[in-house]
Amino acid sequence: MQSHWPWLTAVLFAVPMLDAPAARAADICSALTEAEVSAAVGTPLQRSPSDPCRFGHAFQSVHITMHAGGASGFDGYAAQARREFKDVQTVPGVGAKAIFFGFDLAVQYKNDLFVVAMFLGKSSPEKIALAKAVAFRVMSHM
C-alpha cells in the first residue's frame with residue numbers, strides 16, 4: 001500500500017505559500033497612506049473600509065491591484081492588453097516597464113506587477129500623470 005503522507009505533506013507546506021503573495025500585496029497597500037495617495041493625485045481620498053487597495057469612491061477613485069511575484073507575467077499581460085485595447089501606450093519613467101490603457105497603468109517593478117486603475121483626471125495624459133504619481137508611492141513601499 002502506497003503512503004499518501006509525502007503528497008499530503010507537500011500540499012500542507014504549499015498552501016501557506018499561496019497566501020504569501022496575497023498577504024504581501026495587502027501589506028503594501030496597507031502601508032500606503034491616505035495622505036500619500038491624496039498628495040499624489042491632488043485631491044483628498046479616503047481608503048475604502050473593505051479594501052486596503054482602494055481610495056475614494058466610484059469614478060473619483062484609485063484602485064491598486066498587486067500581483068506580488070508577477071513580474072515575469074508582464075509581457076504576456078501587455079500583449080493581451082494590446083490585443084483587446086486600441087489605446088495601449090508604453091509609459092516611460094516608471095518601473096522597469098509600464099503601459100497605460102483605458103484607466104489602467106500596469107507596472108513591472110522588481111519582482112512584482114501592479115496595476116493602478118485611475119478614475120481621476122479628464123484626459124489620458126492627465127490620468128497617466130496621476131497614475132504614475134501613485135505608482136511611485138506604491139514602489140516606495142516595495
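Quick note: the coordinates plus some simple rules give every number you see, no bench work behind them. Because the structure is predicted, anything quoted here is derived from the model rather than measured. With ideal geometry, Cβ positions are generated from the backbone for all residues, glycine too; neighbour counts draw on all protein chains shown.
Search the stretch 64-123 for residues being among the acidic types (Asp, Glu) and over 17 Å from the mean Cα position of the chain (by Cα), and hand back the single one that is farthest from residue 45 (Cα to Cα).
Here is the first cut: in the stretch 64-123, the residues among the acidic types (Asp, Glu) are 75, 84, 87, 104, 112.
Those still in the list that are over 17 Å from the mean Cα position of the chain (by Cα) too: 84, 87.
Values: 84: 31, 87: 27 Å.
Checking each candidate, the answer is 84.
Looking at the stretch 47-66, which of the residues that are in contact with a strand residue (DSSP E or B) (Cβ under 7 Å, 6 or more places away or on another chain) and among the polar types (S, T, N, Q) is farthest from residue 103 (Cα to Cα)? Only one residue tops the list, namely 48.
Cβ separations smaller than 7 Å between residues 6+ apart or across chains give the following pairs from the stretch 121-142 residues that are on the phi > 0 side of the Ramachandran plot to residues that are part of a helix (DSSP H, G or I) and of a type in the set (A, V, I, L, M): 121/130.
I want to confirm something. Restricting to the stretch 129-142 and keeping residues that are farther than 20 Å from residue 67 by Cβ and in contact with a Gly (Cβ under 8 Å, 6 or more places away or on another chain), which single residue is surrounded by the most Cβ atoms within 10 Å (Cβ to Cβ)? The extreme case among them is 130.
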